[in-house]
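Where a number appears in this text, it was derived from the coordinates with a stated rule and is not lab data. For clarity, every value in this text was computed on a predicted model and none was experimentally measured. For neighbour counting, all protein chains shown are included, and Cβ atoms are generated from backbone atoms with ideal geometry for every residue, glycine included.
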Amino acid sequence: MRRAFYFGAVTILHYTEAIADMPDDFAGIRLSMPTLDPVSEVAVLLRDVARSSSEQTAGLQEIAQAVEVLDGITQRNGQMVGGAVETASLMQARADRLSDGVKTIRLRQGCAEEARAMAERAARVADTEGPESAVRRFHHPNGEFRYRDLYIVVADRNDYFRAFGSDPGKAGKLRQEALPGDDQSAIREANWRAVDQGGGWIEFNGRHPVTKQLVEKIGYIAPALGGRWAVQCSVNRGDGLMPSRSA
């Protein structure tokens, strides 16, 4: 409708200007046509309306272009937000999987407090249940005396192993026979010194139960059977992948 009004105004304006531009020969005619004055006024008004309409049209076009630009920005922002949400969801899912995995992981190495507790518990079992029952429990592969890399080693005063949790085949053998090539004299002396003191810690180098590398260890010695047994549980200071620096 605006466009029809605009073109109508332009047409009337055109004819009005044509009359105003008539040659001087027709001046009398112009003067004898007083009705043209209102037409001239209308022409002026229509000229203003046409100009205003043109300006409004240009303004509307600029607004339309601005709206189109804003719409494009909004769409791009929406895509960015969608991508960020998807990335956050993936990261959360990964964190959840890691959390679930950690819950099922058992640490490979025991700690010193656990080693001492196991040695003292093993000594009580030997004192209350006797040597044979205690050894069976110490050698049980899935029993309470096999935890992470912790196990029980028992030696007697004659330097025989009575139990060896990581390798029961060493039980009943002399220390030097069960562990050939390793100097066991310092370990033997430290063991019995700890027994005579009622229990204590020793430091030594020994074989890692899995990699068989020589690693630094600390062990807790608990006396059992009236001091005839040295019950030992040791902690590996290394993971067994590299040999001990003092080896």
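Here are the numbers:
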{"item": "Bins of 10 Å, starting at 0 and running to the largest distance - Cα pair percent for the stretch 112-236", "result": "14, 52, 32, 2"}
{"item": "Sparse-neighbour loop sites [trypsin sites (Lys or Arg not before Pro); the stretch 127-235; at most 10 other C-beta within 10 Å; DSSP]", "result": "212"}
{"item": "Exposure proxy order (Cβ contacts within 10 Å, fewest to most) of 85, 231", "result": "85, 231"}
